[in-house]
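Reading through the structure tokens given below for one structure.
Bear in mind these aren't lab numbers, they're just calculated from the coordinates by the rules spelled out. Predicted model, so just to flag it, every value in this text is computed and none were measured. Every residue, glycine as well, gets a Cβ built from its backbone with ideal geometry; the counts of neighbours run over all protein chains shown.
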Amino acid sequence: MPAKIPATIVTGFLGAGKTTLIRNLLAQANGRRIALIINEFGDLGVDGDILKGCGDATCRDEDIMELSNGCICCTVAEDFIPTMEKLLARDDAPDHIVIETSGLALPQPLVRAFNWPAISTKVTVDGVIALVDGKATAEGRFAHDPAAVDAQRKSDDSLDHETPLSELFDDQIACADMIVVNKTDLLTEAEAETLTTDLTTKSRDAVRVVKAAHGQLPLDLLLGQNAAAEADTKARHEIHHHHHDDEDGHDHHDHDDFESFTITRPEITDPTAFAEQVAGIIRAHDILRLKGFAAVEGKPMRLALQAVGPRIETYYDTPLTGPRETRLVVIGQTGLDRAAITRALSA
Ligand SMILES: Nc1nc2c(ncn2[C@@H]2O[C@H](COP(=O)(O)OP(=O)(O)OP(=O)(O)O)[C@@H](O)[C@H]2O)c(=O)[nH]1
């Protein structure tokens, strides 16, 4: 039997740096054919577009497969398995497959899917890499809810003190073979060290915790872990209950905690002023993630706009094709004031 194709799963919360790490990985491919399967939450395929627009010879359009919107963990049967079968049926099979999950996905159902007969003889999970946004974690974004813990102490009821963010964080870490503490450029050495120690304590035995800035890590460290994670699903089970129904491949975890929507507006005139405007809106509405592409008056290139919490980055990435308009996806916890955010972003 031919050797199984190794697949690496890259997980991590919204904006942790998954696409950035994958881009860095592709830059080191050195002739190795890496196929990508990209899954996003929200109606705008920004990650796939960024990878296709990066201009590297290694980011070939035909090697990038985008899953339909939603979370990979909930659409294993109807989306992930057929995509994988299509990829495996190609004459020129890839040397390695990298799967970027959406920031809200649980990796466990995806790992389990590798035991499905349709693909189990052909691919294996080489490793699950969980990226952690070092800065957001140090700021307490994924902390358990201290107010609820206090309330719990005061009453005998067993109140749930988890937050939707802390639950996802715990479950992504529980599944990892390697944890990357990313964005260390925004941390002091002591902060990075504390996080590394915490995560080492929290993770399964023998899981490596490494630090990175901009996802810059050697390809040989990231790929070739030989974990065969699908054979070891019990050890990496979910800590939290997410209302799963995992017998029929229709895993549904509680995405009701999060929502996303897209806005389209005309071209902008001043990127710096627009970024400031966006930053203000993010703060006012506690938006978790905002990203997309803007058309800038008089500029032939499109402007990529990336915001993770209050931190915004803009850069011209590739010539703008299609209508000269600005499209952004907004993601946050449920209850976003869509009308007010749309009005503010359209102003
Ligand atoms: N300062 C800093 N910024 C980073 C680092 N890694 C990624 N970023 C920035 O963080 C933003 C999000 O990065 P992505 O790679 O798109 O994150 P992601 O995890 O793919 O995001 P989603 O797919 O939306 O969950 C971008 O603006 C990146 O340039 C890092 O190590 N340091």
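Once each part is reduced to its C-alpha centroid, what is the distance from segment 1-29 to segment 294-347 in angstrom? What the calculation gives is 26 Å, centre to centre. Per-residue ellipticity at 222 nm computed for the chain from its helices equals -8500 deg cm²/dmol, with DSSP H segments shorter than 4 residues left out and the rest contributing -39,500 (n - 2.57).
Fewest-first ordering of MET301, MET84 by other beta carbons within 10 Å of each residue's beta carbon gives MET301, MET84. Maximal additional length on extending the ALA231-ALA339 stretch stands at 34.2 nm, based on 0.36 nm per residue less the C-alpha distance. Phi-derived couplings, Karplus 6.51 cos²θ - 1.76 cosθ + 1.60 at θ = phi - 60°, listed residue by residue for segment 303-319: 9, 7, 10, 10, 10, 10, x, x, 8, 10, 10, 10, 7, 7, 10, 7, x Hz, with x used for Gly and Pro. By the beta-carbon count within 10 Å of each Cβ, the least crowded to most crowded order of HIS144, HIS96, fewest first, is HIS144, HIS96. Hydrodynamic radius of segment 100-139 by the Kirkwood approach over all distinct alpha-carbon pairs: 12.2 Å.
Only Lys, Arg, Asp and Glu carry charge here, each on its Cβ (+1 for the first two, -1 for the last two); on that basis the chain has a dipole of about 1040 debye about its Cα centre. Taking θ as phi - 60° and the Karplus parameters 6.51, -1.76 and 1.60, the scalar couplings of segment 233-240 work out to 6, 5, 5, 10, 5, 5, 7, 9 Hz in sequence order, x denoting glycine and proline. Each Lys and Arg contributes +1 and each Asp and Glu -1, all at the Cβ; summed about the Cα centre of segment 256-346, the dipole is approximately 180 debye.
For GLY309, the amide hydrogen comes within under 5 Å of the amide hydrogens of ARG289, LEU290, counting only partners 5 or more places away or on other chains and with H modelled in the peptide plane. For the chain, the calculated P(r) over all alpha carbon pairs, in 20 Å bins from 0 to the bin holding the longest distance, is 30, 59, 11, 0 percent.
Connecting C-alpha atoms closer than 10 Å in a GNM of the chain, tell me which of ARG265, ARG311, ARG112 has the biggest fluctuation. Most flexible of the set in this elastic network: ARG311. The amide H of GLY12, built 1.01 Å from its N in the peptide plane, has LEU131 as neighbours under 5 Å, considering only residues 5 or more places off or on other chains. With Rg and the Kirkwood Rh both taken from Cα atoms, where does Rg over Rh land for segment 256-346? Radius of gyration over Kirkwood radius for segment 256-346 works out to 0.96. 3J(HN,Hα) along segment 324-340: 7, 9, 10, 10, 10, 10, 10, 10, x, 6, 4, x, 4, 8, 4, 4, 5 Hz, from the Karplus curve 6.51 cos²θ - 1.76 cosθ + 1.60 with θ = phi - 60°, whole Hz, x for Gly and Pro. Students often get this wrong, so check it: of LYS18/LYS211; LYS135/LYS299; LYS122/LYS202; LYS202/LYS234, which have C-alpha atoms separated by over 21 Å? Beyond 21 Å: LYS135/LYS299; LYS122/LYS202.
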